[in-house]
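Only one structure is covered here, and it is reproduced in the block below.
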Ligand code: ACM
Ligand code: ZN
């Protein structure tokens, strides 16, 4: 029998093949496949991966990579304002620190460069286009914010070591070739941080803002006041922070009505107005609006501990160390209204964003029903019950802030008492499910969806033992991802009122940044994708695949995250 050269070779390589031709043939096929795969690997390079969150609206993969090196520069065409390159400040800093690559500006050569182009034809101010080929990266945008988002996309496409604080060697600093054409689904993409229940330092807030920027979220809702703490310096009322900024005790463990245990340490803190300005400037550079929330007329015990004269009963009160809803709220008498207006005047002067959140949720009416001043107010204003009194307070505050060029946002309780029928342009934040948001949209009012069923990131994300303490509820990653902020039941004209979507991080049970990170990550990545990507493009299996790769960036950033979704997926 004549043996081919290949068979001879195979016999030499593997004595076991002597047992028959079939085995030899199989092995030869296998060897051939290995050779083809090896050849393809060297010629075409590795198959490109695009682990982006949020996924761009359109992503066309291409072969090959663009590699950054010491000569890579920023190319700015003559008709482009060179300042747009400042939007790349995070990426520039990271390339310098982690890769040792300094991106200098040039206007001579567009190869081995990031090329900046203005494109007035893109659909939204946040839209951008990114064309990565082997010789250059072209970024097109209509406004600075689009360039900024392009830089964050590039950052996600780079190896995870780009997040490192120190020089990393032996890394191929390349990004996969592709064409991206991107634009967000919603204009409002928010994340709330409650700094009243547990205070976060200015630096922690900045880190939070950094994380938002990475995911193209654009509104930081800063929950600055509540029963358990007042966190913003108000010059006219210094006791708000001196007294209201600190509490003497805090409940240990989950909420109970009996056998409560207390931590007797004094805890708290506040931001000076200068610090607030620093945070706003920090966020602005990252194209994030900062929206303050000053709770009224409920959730006011910390303020009333400082100024009990603005309550119905006169106090005294202590800053709360317990969670929940409390009967002592702001009185509706004139002195209190003026106090609130004075506070808001300082807040309006401090925050450039055109919206101020005034709370409006969970305001018990008990004290008002027994207060002569409040009953008198109801009588003189012709209000039939305490719900209308609440609407009166909110409408008056809205009008006052309108005079300062601001529009109010409130929790969905502000729908009660007929507020919107009074020609008010308040925006509704729907938290008790979607029904408040749906009702408001049907009344032609703007809405932000943040239903506790899908976007309260203080709920448990796993039912496994060993999870850290949480408020309750069960909100796995897949449920967050599955949320569609524009309910199918809305007609097209009504649906236009859904401005966007927000995740809420209430901190009763998160008393340190690592615990908070664990609750937020990875669910905030799902939030970012539902805020950005049209419903029809969402795909949970694809999302988790991208997520698992992108988590390498979070590892380098030293962010703590939950892996519960992996086990949940395999069930
Ligand atoms: C809220 O969760 N009380 C808005
Ligand atoms: Zn009163």
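Here are some notes:
- Against the numbered list (1) at pLDDT 95 or above; (2) under 22 Å from residue 448 (Cβ atoms), residue 418 comes up short only at (1).
- The range 176-204: number of residues that are in a strand (DSSP E or B) and either within 17 Å of residue 128 (Cα to Cα) or within 18 Å of the chain's Cα centre (by Cα) (or both): 13
- Scanning the range 439-453 for residues that are surrounded by fewer than 24 Cβ atoms within 10 Å (Cβ to Cβ) and away from ligand 1 (no atom under 11 Å from the Cβ) turns up 439, 442, 443, 444, 445, 446, 453.
- Pairs where the first residue, in the range 485-506, is closer than 17 Å to residue 536 by Cα and the second is assigned to a loop (DSSP other than H, G, I, E, B) and within 16 Å of ligand 1 (Cβ to nearest atom), C-beta under 6 Å, 6+ apart: 487/434
- Output for the range 319-342, where each listed residue is part of a loop (DSSP other than H, G, I, E, B) and away from ligand 1 (no atom under 16 Å from the Cβ): 319, 321, 328, 331, 332, 333
- Test for residue 375: is it within 32 Å of the chain's Cα centre (by Cα), in a helix (DSSP H, G or I), away from ligand 1 (no atom under 16 Å from the Cβ) and surrounded by fewer than 21 Cβ atoms within 10 Å (Cβ to Cβ): no
- When each of 418, 466, 473, 436 is tested for being without any contact (Cβ under 8 Å) to a residue 60 or more places away in the chain, surrounded by fewer than 22 Cβ atoms within 10 Å (Cβ to Cβ) and closer than 25 Å to residue 195 by Cβ, the lone residue that passes is 473.
- Condition met for residue 349 (surrounded by fewer than 22 Cβ atoms within 10 Å (Cβ to Cβ) and more than 35 Å from the chain's Cα centre (by Cα)): no
- Restricting the range 492-536 to residues that are assigned to a strand (DSSP E or B) and more than 16 Å from ligand 1 (Cβ to nearest atom) leaves a set whose member that is surrounded by the most Cβ atoms within 10 Å (Cβ to Cβ) is 498.
- Of the residues 96, 78, the single one that is out of contact with any helix residue (DSSP H, G or I) (no Cβ under 7 Å at 6 or more places or on another chain), closer than 20 Å to residue 112 by Cβ and either modelled with pLDDT under 95 or in a loop (DSSP other than H, G, I, E, B) (or both) is 78.
- The single residue among 359, 314, 324 that is surrounded by fewer than 21 Cβ atoms within 10 Å (Cβ to Cβ) and more than 16 Å from ligand 2 (Cβ to nearest atom) turns out to be 324.
- Condition met for residue 554 (within 25 Å of residue 472 (Cβ to Cβ) and surrounded by 14 or more Cβ atoms within 10 Å (Cβ to Cβ)): no
- Scan of the range 362-372 for residues that are more than 9 Å from ligand 2 (Cβ to nearest atom) and surrounded by fewer than 22 Cβ atoms within 10 Å (Cβ to Cβ), ordered by number: 362, 364, 365, 366, 369
- As for the range 298-305, it holds no residue that is surrounded by fewer than 22 Cβ atoms within 10 Å (Cβ to Cβ) and touching a helix residue (DSSP H, G or I) at 6+ places or on another chain (Cβ under 8 Å).
- Checked against (1) away from ligand 2 (no atom under 16 Å from the Cβ); (2) buried (at least 23 other Cβ atoms within 10 Å of the Cβ), residue 343 passes all but condition (2).
- When the range 274-309 is filtered for residues that are touching a residue at least 12 places away in the same chain (Cβ under 8 Å), closer than 27 Å to residue 363 by Cβ and more than 16 Å from ligand 1 (Cβ to nearest atom), the ones remaining, listed by number, are 276, 289, 290, 303, 304, 305, 306, 307, 309.
The values are calculated or read from the model by the stated rules, or taken from the named source; none is laboratory data. The structure presented is a predicted model; accordingly, all values stated were derived computationally and were not measured. Glycine gets a Cβ as well: all are built from the backbone with ideal geometry, and neighbour counts include every protein chain shown.
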